[in-house]
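Notes follow the structure.
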Amino acid sequence: MSESLLMKGNEALAEAAIRAGCRFYFGYPITPQNEISEYMARRLGEHGGVFVQAESEVSSINMVYGAAGAGGRVLISSSSPGISLMQEAISYIAGAELPCVIVNMSRGGPGLGGIQPSQSDYFQSTKGGGHGDYRLIVLAPATIQEGCDLMATAFDLADKYRNPVMILGDGMIGQMMEPVVFPEVLDAASLPHKPWATTGNEGRERNIISSIYLDPEELDAHNWRLEEKYRKVRENEVRYEILHGDDAEWFFVAYGTVARICTAVIQRLRKDGVKVGLIRPISLWPFPDEAFEKVVDRAKGFLTVEMSTGQMVEDVRLAVNGRKPVYFYGRTGGAVPTPRSVERRLRDMIDGKAPSQTDYFDRVGGAKK
Amino acid sequence: MNPVYTRPKSLTNVVTHYCPGCTHGIAHRLVAETIDELGIQGRTIGVASVGCSVFAYNYFDVDFQQAAHGRAPAVATGIKRVRPESIVFAYQGDGDLASIGMAEIVHAAVRGENITVIFINNAIYGMTGGQMAPTTLVGQKTTTSPFGRDPGTQGYPVKISELLSTVKGAYYVARFSLHNPANVQRAKQGIKKAFQNQIEGKGFSLVELLSTCSTNWGMTPQNALKWLEENMIPEYPLGEFKTGEGE
């Protein structure tokens, strides 16, 4: 194991991708993820890799399609508006069953929105941002170290299931610095063989990468075959963390950087004897329903905290399925929930002061005292 | 018996879905002959676009990727960057390349990607049923220019070869026509050059082929070839617009 390095999240993720055997990167400038492209432009060549700055996100993700189809271990990164532009090709990549890793260091929307951290791309990431019946595997790191560890996992899952995998971060995790430890650079020879890739048909039947099935019966069969694959992903690739699952009565539900804010609040509340815990989905798709099964009987309520107006909370409600109250607190557009405001919402919930759980309490975000 | 004319090895032995009289068949054959003659079948990777040639991968006996509408040059870029030893060609129509895919083709040329692009220009959208293309001639009637293309509201035909010849990174840009045997032979030489350039690592090559769409033009195949000669060639002059990198 190598030494601990202090690195910016974006650069650390780029280095983690290189160590995981990624040799092909296609990008287009957009804040707040540019350090990934810049790092790749500087460093990928040292490892015999290729960096291409495309003319648009539309083009860069289609380069990924070609490169992944040719058997490369491929990374692309962008931020919310850029990821929106990529959705058509992401649908093609899923339809043609090509492996790649997509990093979204998300920022506030809709439209041009802002450049500050946000979690408002949850729907787009987990519910199919493009057309058709397909799924992305979506992984949400809470720390830079976890992001680096998940990078290798993401490439392996992409190859295992021949499916695009998204690492969903936000501007905060991309821009902050933390100590990080990397594994050694993966031996390229250990990467999986891809007999389906377009490499030239010398000595074999030709390989075709395509997502077109004009015959309705064939398309139906293709879709159900994909669904069967997604079922396996649901069964095998759920990732989450539960804090204080053994005694907590009240649970925060949060992912990524917001989970860290909730963790800080939990430490403070538990000093006062409040039995509070955390469910932190790491795989946003597949969503970790089973984490809720483990605690729902004892739980008195769940408070979902997001940097959005309430997106993941819908999956939380589905998982809890009416058995216990589910409340929500959100800030958007780069306004990050403060520990104090998060703590107050939890205490309100415990004290029965929160409005109906079907109404977002504190509609005006943190502006209200 | 010694056959003098056979199916190229790089074409599969299937019936195509193209309309009778369509020049896609000629263009496919010329590309396949070229692949055979250069001995590159085993390392050629094609990129099919969206349009009538979406199923090109059924007809070429080489590895193929089917690209999203207009994005074939980007997909070809991705393939070539991963497999520089492969010979990568994109096969695109005019709706795909000259309309929705304008950015991708221009920037592939700007980067001087070492790929070959076969550009079929038949002045109309074929697969979707005869709508106006950016290459549609002034006055030409299509389903979306039912009174003839009006430059006042619909602009003038875009000339891809002339446009790309201004791009320094492009190595070879040429326009040929498929309307008679003499021109087909010239087109063959241009296609061969465009692949040979890639083998030699010279960079981006594009061959534009003036083609017919007798179905959507509403003509017999013979009349379509005549219409191409009389109407398209004056608008789209034939020749090599760029040979070699630089201004």
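Every number here is computed from the coordinates shown, using simple stated rules; none is lab data. Just so you know, these numbers come straight off a predicted model, no measurement behind them. Methodologically, a virtual Cβ is constructed for each residue, glycine included, from the backbone with ideal geometry; neighbour enumeration extends over all protein chains shown.
The table that follows gives values for the structure above.
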{"read-out": "Partner chain coverage, peptide B:56-63 - average Cβ within 10 angstrom", "value": "4"}
{"read-out": "Per-peptide average of other Cβ atoms within 10 Å, ordering A:2-9, B:3-10 highest first", "value": "A:2-9, B:3-10"}
{"read-out": "Cα-Cα over 19 Å, subset of A:271/A:324; B:159/B:188; B:202/B:242; A:194/B:80", "value": "A:271/A:324; B:159/B:188"}
{"read-out": "Equivalent ellipsoid, the range A:4-236 (semi-axes from 5 times Cα gyration tensor eigenvalues, Å)", "value": "27, 21, 16"}
{"read-out": "Residues with amide H under 5 Å from that of residue A:328, placed H, sequence gap 5 or more", "value": "A:304, A:361"}
{"read-out": "All lysines inside 16 Å of residue A:232 as judged from Cα atoms, apart from same-chain residues fewer than 8 positions distant", "value": "A:160"}
{"read-out": "The range B:159-213 versus the range A:240-262: alpha-carbon centroid distance in Å", "value": "62"}
{"read-out": "Ordering of A:125-131, B:83-89 by burial proxy (mean other Cβ atoms within 10 Å per residue, highest first)", "value": "B:83-89, A:125-131"}
{"read-out": "For the range A:44-51, Karplus couplings with θ = phi - 60° (6.51, -1.76, 1.60), whole Hz, Gly/Pro x", "value": "4, x, 4, 9, x, x, 10, 10"}
{"read-out": "Fewest-first ranking of A:86, A:105, A:177, using other Cβ atoms within 10 Å as the exposure measure", "value": "A:177, A:86, A:105"}
{"read-out": "Peptide-level mean, for A:204-217, of C-beta atoms on other protein chains within 10 Å", "value": "4"}
{"read-out": "Among A:255, A:37, A:286 the positive-end extreme of the charge dipole of chain A (Cβ point charges)", "value": "A:255"}
{"read-out": "Neighbour-count order for A:220, B:94, B:61, A:187, fewest beta carbons within 10 angstrom listed first", "value": "A:187, A:220, B:61, B:94"}
{"read-out": "Förster-model FRET efficiency, 45 Å R0, residue A:220 and residue A:249, C-beta, rounded to 0.05", "value": "0.45"}
{"read-out": "Kyte-Doolittle mean at least -0.5 and Cα axial length at least 20 Å: DSSP H helices in chain A", "value": "A:144-161, A:256-271"}
{"read-out": "Debye, to nearest 20: dipole size of the protein assembly as shown, +1 on Lys, Arg Cβ, -1 on Asp, Glu Cβ", "value": "720"}
{"read-out": "For B:204, A:182, order by how many other beta-carbon atoms lie within 10 Å, fewest first", "value": "A:182, B:204"}
{"read-out": "Amide H within-cut-off set for residue A:100, under 5 Å, with H built and near neighbours excluded", "value": "A:163, A:165"}
{"read-out": "Translational D in µm²/s for chain B (Stokes-Einstein at 10 °C, 1.306 mPa s, Kirkwood Rh from C-alpha pairs)", "value": "89"}
{"read-out": "Local electrostatic count at residue B:94 - Lys and Arg +1, Asp and Glu -1, tallied over other residues with Cβ under 13 Å", "value": "-1"}
{"read-out": "Charge sum, other residues only, whose C-beta stays under 13 Å from residue A:91's C-beta, Lys/Arg counted +1 and Asp/Glu -1", "value": "0"}
{"read-out": "Sequence-distant residues sharing a close amide H with residue A:24 (under 5 Å, placed H)", "value": "A:50, A:73, A:75"}
{"read-out": "Shielding by partners, peptide A:46-52 (average Cβ within 10 angstrom, other chains)", "value": "2"}
